[in-house]
Amino acid sequence: MLELTIQGDEDWDEESQTFIYPNAVTLELEHSLLSLSKWEEIWEKPFLSPDEKSSEETISYIQIMCLTPNVDPDVWKNLSQANYKQINDYMDAKRSATWFTQLPGTGRSSAKRETITSELLYYWIFTSENIDVSVQEWHLNRLFTLLKVFNEKNAPPKKMKKQDAAAQRRLLNEQRKTKLNTSG
């Protein structure tokens with residue numbers, strides 16, 4: 001979860017001789033499958049596509065991510081560039097200690113890749129045993145990591161190259177010849 005402070009209009013306090021922000025608001029934001037799903041329901045297009053989002057679509061997603069109740073609509077007009085950077089950094093954060101040597105599905109051309117929508121993510125959750133739907137409230141990148149782990153752990157074993165299989169058989173034959181004290 002991201003806690004974000006949006007500064008109100010700047011004002012000058014004569015008494016303390018400092019700038020004050022009397023209408024500052026702290027928001028709690030959650031980048032999750034649930035947020036993604038709500039955004040796609042409104043805009044009827046995939047959020048995770050490479051297409052640029054309009055400023056209206058971007059603000060809409062930030063509003064949907066907001067867990068803070070009863071936010072004044074004027075607050076969204078006071079988002080600064082620093083706020084947008086915080087939000088983007090939060091959304092891009094890995095949020096997991098897991099790493100992969102090779103991501104599942106690599107080797108396929110990106111043109112053949114499926115467009116990921118909230119419905120597809122829900123499908124992956126519901127068809128994966130032992131993943132509870134409560135993960136829809138997790139940070140989205142953490143959810144992707146969990147799904148990749150399930151994908152890798154449940155993938156069928158990869159076939160060994162012919163060259164490697166032949167080398168393994170030669171090694172086993174040599175070990176057996178040595179153990180049995182034979183020439184072949």
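Observations, loosely collected:
- Of the strands (runs of 3 or more DSSP E) lying entirely inside the range 8-100, those carrying at least 1 residues that are hydrophobic (A, V, I, L, M, F, W, C), surrounded by fewer than 16 Cβ atoms within 10 Å (Cβ to Cβ) and at pLDDT below 95 are 11-13, 18-20.
- Pick from the range 134-184, criterion polar (S, T, N, Q) and within 30 Å of I87 (Cβ to Cβ), ranking: nearest to the chain's Cα centre (by Cα): N141
- Candidate set from the range 131-184 (those that are part of a loop (DSSP other than H, G, I, E, B) and among the hydrophobic types (A, V, I, L, M, F, W, C)); member that is modelled with the highest pLDDT: W138
The values are calculated or read from the model by the stated rules, or taken from the named source; none is laboratory data. Model, not experiment: these values are computed from the prediction. Don't worry about glycine lacking a Cβ; one is built from the backbone with ideal geometry, like all the others, and counts go over all protein chains shown.
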